[in-house]
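Structure record follows, encoded as structure tokens.
The values are calculated or read from the model by the stated rules, or taken from the named source; none is laboratory data. In this text, all values refer to a predicted model and were calculated from it rather than measured experimentally. Backbone-built Cβ (ideal geometry, glycine too); neighbour counts: all protein chains shown. Accessible surface areas use protein heavy atoms only, side chains included; no ligands, DNA or RNA. Shrake-Rupley method; radii C 1.70, N 1.55, O 1.52, S 1.80 Å.
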Amino acid sequence: MGISQHDPQPNLGRLHPDHTLGWIRRIWPIAALRRKLYMLAIFAGLLASAATALVPLVVGQGINAAAAGSTLNWWALLLLLLAVVGFCCRFAYRYALFRLAHHVEADLRNLIFEHLTEMSFEYWDRTQTGQVISRANSDVRSVQLMFAFLPLVFIQGILLVMGVVSMLLMSPKLTLIALTSLPFVFFVGMRLRNKVLPLSWVVQERMAEIATVISENVEGAQLVRAFVQESNQIKLLARSARRLRWAATAVADTRARYGPLIETLPRFALAFVLLTGGLMAIDGSIGVGEIVAFNAYMVIITRPFMFAGFVLVQYQKAAAAAQRIFEILDRKPDIHDPEPSCSSRYSGSRRLERGRVSFEDVTFTYSGRESTPVLVDFCLDISPGEMVALVGRVGSGKSTVARLLPRFYDVDSGSVRMDGLNVKQAQLDDLRRAVVVVPDEPFLFASSVRYNVTFANPEAGDAKINEALQDAAALDFVMAMPQGLETVLKEKGADLSGGQRQRLAIARAFLADPAVLVIDDATSAIDTRVEQRLYTALRLRRSNRTTIIISHRLSTVAQASRVIFMSEGRVAADGDHRRLLEDNTEYAEVLTQPPGVTSQPVSANIEQPSYAEVLTQPPGATSVPQV
């Protein structure tokens, strides 16, 4: 279950980079990938238009022939042939157009998703999930509909021209009367366009607002129920729905005012044509067949006007949707790969295998969150293979260190180096393969255990998978599942305990085999004996890996050979766990807070080590059998 990790990347086009162009011209490079379908649709549409334009002429000539006493067999066969050609061509161009539109929809949605995967953590910090979902779904759908109908406007325009030319050949006078409504239709259409465009933008924003409310309530359903806030959330959604209703009603009201007028104006002209044509037929200046044909042509040229009201509204919706999509696709990632000249001095990931980590006078502030820097002139050097614990009060900058190393964020000043290379000069793929961060709340896909564990290394075989699970103390509970590695987990691993989710995430990190492993409080839900087993395996089998542990937990910190105590974004103390306990009262105070003793109940079948034992045992000591 889950998306195959081996599927090839689709051949996606790109938006035209010129922001001054109209939205259709900017999206056209994506549609141009299927230009053969487009040309087929246009060619078939032209043939269908020609067949349609010839029908009134054939009917008129047939009536005149019948009035003169001639046989109608050939005229009937010609009409039948035109009907068959018209049917085949209409089928061909509609099939091609809608297939083209669906290709544009799929490519545009894939392009958005591809671009979102390149966006930095800072972008996601200030972007609502519902807004993104709305733009990738309803906005893309609006653009797709326009690409399906816009070529029909061209075809209808060709049909209009053919009809007008045919009418001119029969009677210039009647043609001029028929066209008197065109300026008024154009004026009304422009009024409709100017009113619908801003309203369409509001509608799209309101739909995104509702998507955000629903998304947050689905993800936070347990929180809503726990605090008995169902009624308040329903009111919040109802308020958003009312706002959408107002905007959508305003669009409907505008369409109701102007749409029928656009469709009706040509019919007034038709009435005058019939009156004038009838008088001309009585005078004998025009034949009955021409009057019938002219009437049919009036119906033909009226269709584009009837179609125009619908298309104008759809066009404005698509234009508003396209601008919202462009807001995503035009935004450049804040963090990106270096220029080739900057990265040419190292040979890919081979340069990032040792695991030496250096922070040199790093200052960093989260954009838009606070004015005070989280890290100030922060300096730290970690040797390859070293196991270091970062300890400090909440807000001291521990997790920020973990985020800066794989370049989830860029420093304001100073530099972060790995194996002597500034991380800004490393390719992001290489850097993030070399540095893996395991957070305290790991994410698991609604897929199999195998898919989740092998996410970073899809080619891993069962032996490697079992070894990683064993080292993460997760093999026993995975093998006890109904289908073992093939057991499908619920969304976000909801059918697992917090400790089980953390152990699977650690196994996933082990299987990725990074040079630097950062465990950001990722053992907080694991009991201390299992945790000791995990770290013992980490030391014995993976001793060449640099490990950074971020925790307030005594049993976790005690595993490290070196402890960095952080305070107010700086290194306040550096040494081994026992010495810092003796020499630094603030460090002892942070670690001896009640929440730091243990965060999870321990299995009844395992004897829990006392607080004093955990506090005083040397780094690496364990009473658990060696793994």
**Item:** Enumeration of residues in segment 163-182 that are within 51 Å of the chain's Cα centre (by Cα) and surrounded by fewer than 15 Cβ atoms within 10 Å (Cβ to Cβ)
**Value:** V165, T180
**Prompt:** Looking at R255, R245, which is the one that is touching a residue at least 60 places away in the same chain (Cβ under 8 Å), part of a helix (DSSP H, G or I) and under 32 Å from the mean Cα position of the chain (by Cα)?
**Reply:** R255
**Prompt:** Yes or no: T528 at pLDDT 85 or above and either small (G, A, S) or open to solvent by less than 10 Å² (accessible area, probe 1.4 Å) (or both)?
**Reply:** no
**Prompt:** Only one residue in F121, F147 is touching a residue at least 60 places away in the same chain (Cβ under 8 Å) and surrounded by fewer than 18 Cβ atoms within 10 Å (Cβ to Cβ), so which one is that?
**Reply:** F121
**Fill in**
Filtering segment 555-575 down to residues that are under 13 Å from R393 (Cα atoms) and of a type in the set (D, E) yields E568
**Message:** Given the criteria modelled with pLDDT of 80 or more, open to solvent by less than 60 Å² (accessible area, probe 1.4 Å) and farther than 25 Å from G189 by Cα, does A250 qualify?
**Reply:** no
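Each row is one residue, and each column tells you yes or no for (1) in contact (Cβ under 8 Å) with a residue 12 or more places away in the chain; (2) over 30 Å from G484 (Cβ atoms); (3) open to solvent by less than 40 Å² (accessible area, probe 1.4 Å).
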site	(1), (2), (3)
D381	yes, yes, no
M387	yes, yes, yes
Y409	yes, yes, yes
Q425	yes, yes, no
V435	yes, yes, yes
R450	yes, no, no
**Request:** Hey, can you tell me all the residues within segment 196-209 that are open to solvent by less than 30 Å² (accessible area, probe 1.4 Å) and either within 15 Å of R239 (Cα to Cα) or under 19 Å from the mean Cα position of the chain (by Cα) (or both)?
**Result:** V203, Q204, A208
**Fill in**
Scanning segment 123-152 residue by residue, the ones that are modelled with pLDDT under 80 and either in contact with an Asp or Glu (Cβ under 6 Å, 6 or more places away or on another chain) or outside any helix (DSSP H, G or I) (or both) total 3
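Quick one: is S231 in a helix (DSSP H, G or I) and exposed (fewer than 12 other Cβ atoms within 10 Å of the Cβ)?
So S231 fits the description; yes.
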**Prompt:** Under the condition of being closer than 16 Å to M566 by Cβ and basic (K, R), which residue from segment 389-407 is surrounded by the fewest Cβ atoms within 10 Å (Cβ to Cβ)?
**Reply:** R393
**Pairs with Cβ under 9 Å, 6+ apart, first in segment 29-55 and free of Cβ contacts under 8 Å to residues at least 24 places away in the same chain and more than 15 Å from A92 (Cα to Cα), second open to solvent by 10 Å² or more (accessible area, probe 1.4 Å) and of a type in the set (K, R)** = P29/R14
**Asked** If you take the residues of segment 52-67 that are over 58 Å from the mean Cα position of the chain (by Cα) and open to solvent by 70 Å² or more (accessible area, probe 1.4 Å), which of them is farthest from I300 (Cα to Cα)?
**Response** A67
**Prompt:** Which of the residues that make up segment 412-432 are farther than 29 Å from L540 by Cβ and assigned to a loop (DSSP other than H, G, I, E, B)?
**Reply:** D412, A426, Q427
**Complete:** A460: passes all of (1) modelled with pLDDT under 90; (2) open to solvent by 30 Å² or more (accessible area, probe 1.4 Å); (3) in a loop (DSSP other than H, G, I, E, B) but (2)
**Out of R324, R267, sole residue that is modelled with pLDDT of 80 or more, over 30 Å from P384 (Cα atoms) and either among the basic types (K, R) or touching a His at 6+ places or on another chain (Cβ under 7 Å) (or both)** = R324
**Request:** Say whether the condition of being at pLDDT 80 or above, farther than 26 Å from L54 by Cβ and among the small types (G, A, S) is met by at least one residue in segment 342-363.
**Result:** yes
**Item:** Which listed residue is under 21 Å from K195 (Cα atoms), β-branched (V, I, T) and buried (at least 20 other Cβ atoms within 10 Å of the Cβ), from I301, I291, I262
**Value:** I262
**Criterion violated by T523 - all others in (1) free of Cβ contacts under 8 Å to residues at least 40 places away in the same chain; (2) assigned to a loop (DSSP other than H, G, I, E, B); (3) open to solvent by less than 60 Å² (accessible area, probe 1.4 Å); (4) farther than 30 Å from L375 by Cα satisfied** = (4)
**Asked** Among the residues of segment 383-400, is there at least one that is more than 31 Å from the chain's Cα centre (by Cα) and over 27 Å from H577 (Cα atoms)?
**Response** no
**Prompt:** Looking at L517, L485, which is the one that is buried (at least 16 other Cβ atoms within 10 Å of the Cβ) and either polar (S, T, N, Q) or not in a helix (DSSP H, G or I) (or both)?
**Reply:** L517
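Please tell me if G414 is among the small types (G, A, S), more than 23 Å from the chain's Cα centre (by Cα) and modelled with pLDDT under 90. Give the steps one after another, and end with the answer.
Details: among the small types (G, A, S): yes; more than 23 Å from the chain's Cα centre (by Cα): yes; modelled with pLDDT under 90: no.
No; evaluated as a whole, the condition is false for this residue.
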**Prompt:** What single numbered condition from (1) open to solvent by less than 50 Å² (accessible area, probe 1.4 Å); (2) modelled with pLDDT of 85 or more; (3) assigned to a helix (DSSP H, G or I) fails to hold for R578?
**Reply:** (1)
**Prompt:** Of the residues V218, V185, which single one is among the β-branched types (V, I, T), open to solvent by 30 Å² or more (accessible area, probe 1.4 Å), at pLDDT below 80 and farther than 19 Å from D139 by Cβ?
**Reply:** V218
**Item:** Test: residue in segment 607-616 that is within 17 Å of S396 (Cβ to Cβ) and either open to solvent by less than 60 Å² (accessible area, probe 1.4 Å) or at pLDDT 50 or above (or both)
**Value:** no
**Message:** Anything in segment 68-89 that is open to solvent by less than 90 Å² (accessible area, probe 1.4 Å) and either in contact with a Cys (Cβ under 7 Å, 6 or more places away or on another chain) or in a helix (DSSP H, G or I) (or both)? List them, or say none.
**Reply:** W75, A76, L78, L79, L82, A83, V84, V85, G86, C88, C89
